[in-house]
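Heads up, the thing below is written out as structure tokens.
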Amino acid sequence: MVIENTFGKIKRVDEAMAYIKDKTILMFGGFGGVGTSPLLIDEIIKKDVKELTLIGNDSGFPKVGIGRVICNGQAKKMITTHIGSNPVAGELMTEGKMEIEFSPQGTLAERIRAGGTGLGGVLINVGLGTIIEEGKEIIQVDDKPYLLEKPLRAEVGIVYAKVADTFGNLIYDKTARNFNPLVAKASDVTIVHAEEIVPLGELNPEEIITPGVYVDIIVTGKGGEWKWVWEQEN
Amino acid sequence: MVIENTFGKIKRVDEAMAYIKDKTILMFGGFGGVGTSPLLIDEIIKKDVKELTLIGNDSGFPKVGIGRVICNGQAKKMITTHIGSNPVAGELMTEGKMEIEFSPQGTLAERIRAGGTGLGGVLINVGLGTIIEEGKEIIQVDDKPYLLEKPLRAEVGIVYAKVADTFGNLIYDKTARNFNPLVAKASDVTIVHAEEIVPLGELNPEEIITPGVYVDIIVTGKGGEWKWVWEQEN
Amino acid sequence: MGLGTRELMAKRAAEEISNGNIVNLGIGIPTLVSDFIRSDIHVFLHSENGFLGIGPKPATSKEDKNLINAGGFPCTTVKGASYFDSAESFAIIRSGKLDITILGALEVDEKGNLANWIVPGKRVPGMGGGMDLAEKAKKVVVVTTHTNKNGSPKIKKICSLPLTAQTCVGLIITELAVIEVTEEGLILKEIFGGTTVDEVISRTEASLIVSKNLRVINYE
Amino acid sequence: MGLGTRELMAKRAAEEISNGNIVNLGIGIPTLVSDFIRSDIHVFLHSENGFLGIGPKPATSKEDKNLINAGGFPCTTVKGASYFDSAESFAIIRSGKLDITILGALEVDEKGNLANWIVPGKRVPGMGGGMDLAEKAKKVVVVTTHTNKNGSPKIKKICSLPLTAQTCVGLIITELAVIEVTEEGLILKEIFGGTTVDEVISRTEASLIVSKNLRVINYE
């Protein structure tokens, strides 16, 4: 099967990594590490870029997902919902070495979607009467209070897909979908690690989850695969 | 193939129609009539309910889609983006017999999505400096102005799907998808006209567009099929 | 063989689930609830990552690294399951389509306020999807030990820890009792066999109204 | 056989489209543009209803009632096409992923303001997706007759009709000329063979700055 790089989006991993630098605002797909690209995480660690701002659902596990980047001391800030599965993230926060901004999970997902959808913000009433209110504007709609939640975008987004065609149309695998379609849309440069790249026309238009219009760079290859916590337990 | 009505969602058309009454706020899927259920439109006309508030992309054509309901004098108000393809809608508006509230198409889609997603509103900067601003609150986010666009929900939504399983998981057909997945989520009672109903487990979980959690009633059957404008021209 | 304390609580929580319900189970004891759902009803278990229709745990070596529940453990699917992204997953919660969520707690109080995400200065794991679930599920059932490790009551007059959500809890299930949150206050509806009303009251900081139809739960 | 006026305008508009572009064509003359896109480049045509990758018109009797473009006509797909709902369709537009939209106009003015959706008291069809497209496409190309049916200029100093979007237009293509909207004002860059700069100026209400490198377009 000959893959024509019609749109010039298929690149080598080192070409993709040129976009990830010190201080890059980096958004990542994944939930507990599932759906985070092992290959791109590995490359970020090898390149050892510093002072990243990370945006994503959680801080992974110490040896799984974005947790590896955090444990390698590469992040100065994280916007996330949960760091409980990675004790190192908690230590870095306590020691003041990594700033953490918590968002409720559904709110984080909507903020990223808003960033990818060109919205100026969304009004959400989850977190009212809690410390999540702090610093946020409260907007009344028909006499009910909502928090003004601002959109989130990143300079670079890393996305893990099952299959990409050469335009960057993507499908995902089961629960590895999670935040990936949201991240794909909310990043200035979207880098996709696809397990497989297929020619244009191979994907069923009904089944495409992310239209290729959002994808800038497609890489493929093996590397960085981690042992899952449940494999470690066995 | 035996269809078990495990969730009691599969009903007769007359049972479904009991939810559509005089003054019902009714949201409909479809774009230029494509993706609007011919069967349910036909039943609405037969039942001749009055003073409906209609929410949907456009007013169809006089003999196509929601246009048939409008031409039958059943709507007192419509929230929509375009009525140009149905001259009767324009006449009713001019004569003061049907109130029209226009929303830009992307804004209407987001307002319906917001209604189906439990948001209090979305901030959009399409329509700034136009008459779409009128009566809307302007919210500054990081010193940029946005219109506060309120969510839209309906009492009843009518949705046209290609296949439903017995839980109401739905897939659509090509461009007949359009507003249907949004309407399915934004209605207190979602009535789906599916071309086919299949047993639970027949649909691939990766390909389901609307999770059945949003669907209350599933009907199937033929009726009301119209001749498309491009067929009339031939 | 009798059930352990955790299983008793899980079994009681499962009684809250009806046919056709959409249910989200938190991690810990709530996860055990799925083992006790009646086999003659059809419910869909929701997973925050983006998935409706969690099935049983897979056999060892049959795990799929891309089919994982929100707690991080391999799972399977039931018939009628669907995958979606995390925004859609929380749209289901936020739009009120979740019938029941069963959650753990650090503290619950007389108004049904819930604190279960942070112990300032000690444990700051983040709220994950807890705020969305507590705020938006139609019914919030809390399953928790009656007191904490030091023996201090977790059912308080007023929560002292930062809240997860206000006035959200509907039912509290502990190893001692089942307590309903109402506008009149906390109603002690049921006690497990082996304890007494007096013991429950003495180990609860909040005021309890004892139901006239008190049920004593004796499973098996 | 020479091209008609409409086709000339469409052909000129097609020159604005480059390889890999995501393009939305309005109804009327803009729809004709697809016939003139260079065959050696690969572009994706976007349809507001929820579809990227519009292909050619199907043969008669090969139409699919569920495969329709935003203008209401049957169409086909190209390789790499994808379907999505209408919210996602406008997310593509609103997030700035549309490279070019080619639209009709009732009026355009010196600041690039566009009016193309309403003639108060006369024609009130609604804006459809026009506001989103005009406000959010990276480049807005207007294709319009130079004057209206009464011979009045459509390129005005200030639009008198209600606006579709402010300062959005980048390029104006008429049957007489190609005019670029810049911060300095409207630049007359090209005229079609058969007209003169003087004729263009006389039929335009807005001030025009004549380009020093004026191109005369003579197709074929």
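When you look at C:SER211, is it in contact (Cβ under 8 Å) with a residue 12 or more places away in the chain, surrounded by fewer than 23 Cβ atoms within 10 Å (Cβ to Cβ) and within 28 Å of A:GLY129 (Cα to Cα), yes or no? Taking the combined requirement at face value, the residue does not satisfy it. Of all residues in the range C:45-69, those satisfying the criterion of being surrounded by 18 or more Cβ atoms within 10 Å (Cβ to Cβ) and among the hydrophobic types (A, V, I, L, M, F, W, C) are C:LEU45, C:PHE51, C:LEU52, C:ILE54, C:LEU67, C:ILE68.
Out of all the residues in the range C:83-99, is one or more assigned to a loop (DSSP other than H, G, I, E, B), over 15 Å from the mean Cα position of the chain (by Cα) and closer than 30 Å to C:GLY194 by Cβ?
The initial filter retains those residues of the range C:83-99 that are assigned to a loop (DSSP other than H, G, I, E, B), namely C:84-85, C:95-99.
Retained after the next criterion (residues that are over 15 Å from the mean Cα position of the chain (by Cα)): C:84-85, C:95-97.
Remaining after also requiring closer than 30 Å to C:GLY194 by Cβ: none.
Within the range C:83-99 (the criterion being assigned to a loop (DSSP other than H, G, I, E, B), over 15 Å from the mean Cα position of the chain (by Cα) and closer than 30 Å to C:GLY194 by Cβ), the answer is no, since none of the residues qualifies.
Those residues that are facing chain B (nearest Cβ under 7 Å) and either under 24 Å from B:GLU195 (Cα atoms) or surrounded by fewer than 24 Cβ atoms within 10 Å (Cβ to Cβ) (or both), I need them from the range D:85-103; list them, please. It would help to see each step written out before you state the result.
Let us first name the residues in the range D:85-103 that are facing chain B (nearest Cβ under 7 Å), namely D:85-87, D:90, D:93-94.
Once the filter is applied, which keeps residues that are facing chain B (nearest Cβ under 7 Å) and either under 24 Å from B:GLU195 (Cα atoms) or surrounded by fewer than 24 Cβ atoms within 10 Å (Cβ to Cβ) (or both), the range D:85-103 yields D:ASP85, D:SER86, D:ALA87.
Listed by position, the strands (runs of 3 or more DSSP E) enclosed by the range A:98-149 that each have at least 1 residues that are within 7 Å of another protein chain (Cβ to nearest Cβ) and more than 28 Å from A:GLY73 (Cβ to Cβ) are A:121-124, A:138-141, A:144-149.
With respect to the stated conditions, B:GLU195 fails to be within 14 Å of chain C (Cβ to nearest Cβ) and either out of contact with any helix residue (DSSP H, G or I) (no Cβ under 7 Å at 6 or more places or on another chain) or in a strand (DSSP E or B) (or both).
Any chance the range A:199-216 includes a residue that's more than 13 Å from chain D (Cβ to nearest Cβ) and either outside any loop (DSSP other than H, G, I, E, B) or buried (at least 24 other Cβ atoms within 10 Å of the Cβ) (or both)? No, the range A:199-216 has no match at all. Restricting attention to the range C:185-220 and to residues that are farther than 16 Å from C:VAL108 by Cα and among the charged types (D, E, K, R), the residue that is modelled with the lowest pLDDT turns out to be C:GLU220. Any residue at all in the range A:138-156 that's more than 26 Å from C:VAL124 (Cα to Cα) and in contact (Cβ under 8 Å) with a residue 60 or more places away in the chain? Taking every residue of the range A:138-156 in turn, at least one turns out to be more than 26 Å from C:VAL124 (Cα to Cα) and in contact (Cβ under 8 Å) with a residue 60 or more places away in the chain. Residues of the range D:104-133 that are small (Gly, Ala, Ser) and within 7 Å of another protein chain (Cβ to nearest Cβ): D:GLY126, D:GLY128, D:GLY129. With respect to the conditions (1) closer than 15 Å to A:VAL13 by Cβ; (2) modelled with pLDDT of 95 or more, A:GLU225 falls short on a single one, namely (2).
In the range D:41-66, how many residues are without any contact (Cβ under 8 Å) to a residue 40 or more places away in the chain and assigned to a loop (DSSP other than H, G, I, E, B)? Can you show your working first?
Step one: filter the range D:41-66 for residues without any contact (Cβ under 8 Å) to a residue 40 or more places away in the chain, giving D:41-45, D:50-51, D:53-66.
Still in the running and assigned to a loop (DSSP other than H, G, I, E, B): D:41-43, D:50, D:56-66.
Selection size over the range D:41-66: 15.
Answer with yes or no whether B:PRO211 is touching a residue at least 40 places away in the same chain (Cβ under 8 Å) and over 17 Å from B:LEU26 (Cβ atoms). Answer is yes for this residue. Close contacts from the range A:167-184, counting a first residue that is surrounded by fewer than 24 Cβ atoms within 10 Å (Cβ to Cβ) and a second that is of a type in the set (Ser, Thr, Tyr), with Cβ to Cβ under 6 Å and a gap of 6+ residues or different chains, come to A:LYS174/C:TYR83. Screening the range A:60-77 for residues that are of a type in the set (A, V, I, L, M) and more than 10 Å from chain C (Cβ to nearest Cβ) and picking the one that is surrounded by the most Cβ atoms within 10 Å (Cβ to Cβ) gives A:ILE66. Scanning the range C:70-83 for residues that are more than 8 Å from chain B (Cβ to nearest Cβ) and in contact with a Ser or Thr (Cβ under 8 Å, 6 or more places away or on another chain) yields C:ALA70, C:GLY71, C:GLY72, C:CYS75. Just name the residue that is nearest to the other protein chains (Cβ to nearest Cβ) out of those in the range C:162-195 that are among the polar types (S, T, N, Q) and more than 20 Å from C:SER152 (Cβ to Cβ). Looking at residues that are among the polar types (S, T, N, Q) and more than 20 Å from C:SER152 (Cβ to Cβ), I get C:GLN166.
From the residues in the range D:1-44 that are touching a Phe, Trp or Tyr at 6+ places or on another chain (Cβ under 9 Å) and within 14 Å of chain A (Cβ to nearest Cβ), which one is surrounded by the most Cβ atoms within 10 Å (Cβ to Cβ)? For the range D:1-44, the residue satisfying everything is D:VAL23. Under the condition of being within 7 Å of another protein chain (Cβ to nearest Cβ) and either touching a Phe, Trp or Tyr at 6+ places or on another chain (Cβ under 9 Å) or more than 21 Å from B:TRP228 (Cβ to Cβ) (or both), the residues counted in the range D:54-69 number 5.
Small (Gly, Ala, Ser), surrounded by 22 or more Cβ atoms within 10 Å (Cβ to Cβ) and over 17 Å from B:LEU148 (Cβ atoms), is that true of B:GLY90?
Numbers: small (Gly, Ala, Ser): yes; surrounded by 22 or more Cβ atoms within 10 Å (Cβ to Cβ): no; over 17 Å from B:LEU148 (Cβ atoms): yes.
Taking the combined requirement at face value, the residue does not satisfy it.
Scoring C:ARG38 on the criteria (1) over 30 Å from B:PRO151 (Cβ atoms); (2) part of a helix (DSSP H, G or I) leaves a single failure, condition (2). Number of residues in the range A:166-192 that are acidic (Asp, Glu) and part of a loop (DSSP other than H, G, I, E, B) equals 1.
The values are calculated or read from the model by the stated rules, or taken from the named source; none is laboratory data. Model, not experiment: these values are computed from the prediction. Please note: Cβ atoms are built from the backbone with ideal geometry, for glycine as well, and neighbour counts cover all protein chains shown.
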